[in-house]
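Q: Just passing along the structure, written as structure tokens.
The values are calculated or read from the model by the stated rules, or taken from the named source; none is laboratory data. Computed from a prediction, not measured in an experiment: that's the story for all the values here. Quick reminder, even Gly has a Cβ in these numbers, built from the backbone with ideal geometry, and neighbours come from all protein chains shown.
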């Protein structure tokens, strides 16, 4: 399964999320990625706005061959301006080389 399909599956509820936090920031996401980086790999981050107004954010770390190495899900009431800007300018999927 290609990485983007896997992340979309996770966003559809493939993993149960924990408690809803107040705010997800770009620094939180970036620190999570940095701590799990795979040499030559990449990370993808997606966000979905739920009917409740909350956000469901999914991040995945992938090897250079597209094999998932780590996944993280955040449910939050809000996104910080930097994360929201990055999602908006990347058309909803942020891709970061690790």
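Q: When you look at residue 59, is it assigned to a strand (DSSP E or B), surrounded by fewer than 19 Cβ atoms within 10 Å (Cβ to Cβ), under 13 Å from the mean Cα position of the chain (by Cα) and in contact (Cβ under 8 Å) with a residue 12 or more places away in the chain, yes or no? I'd like the intermediate steps shown before the answer.
A: Details: assigned to a strand (DSSP E or B): yes; surrounded by fewer than 19 Cβ atoms within 10 Å (Cβ to Cβ): no; under 13 Å from the mean Cα position of the chain (by Cα): yes; in contact (Cβ under 8 Å) with a residue 12 or more places away in the chain: yes.
So residue 59 fails the test.
Conditions tested, residue by residue: (1) assigned to a helix (DSSP H, G or I); (2) in contact with a strand residue (DSSP E or B) (Cβ under 6 Å, 6 or more places away or on another chain); (3) modelled with pLDDT of 90 or more.
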position: 1; (1), (2), (3): no, no, no
position: 4; (1), (2), (3): yes, no, no
position: 18; (1), (2), (3): no, no, no
position: 22; (1), (2), (3): no, yes, yes
position: 28; (1), (2), (3): yes, no, yes
position: 31; (1), (2), (3): yes, no, yes
position: 38; (1), (2), (3): no, yes, yes
position: 44; (1), (2), (3): no, yes, yes
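Q: Which members of segment 84-94 meet the condition of being under 18 Å from residue 34 (Cβ atoms) and either out of contact with any helix residue (DSSP H, G or I) (no Cβ under 9 Å at 6 or more places or on another chain) or without any contact (Cβ under 8 Å) to a residue 40 or more places away in the chain (or both)?
A: Going residue by residue through segment 84-94, those that are under 18 Å from residue 34 (Cβ atoms) are 86, 94.
Scanning segment 84-94 gives no hits.
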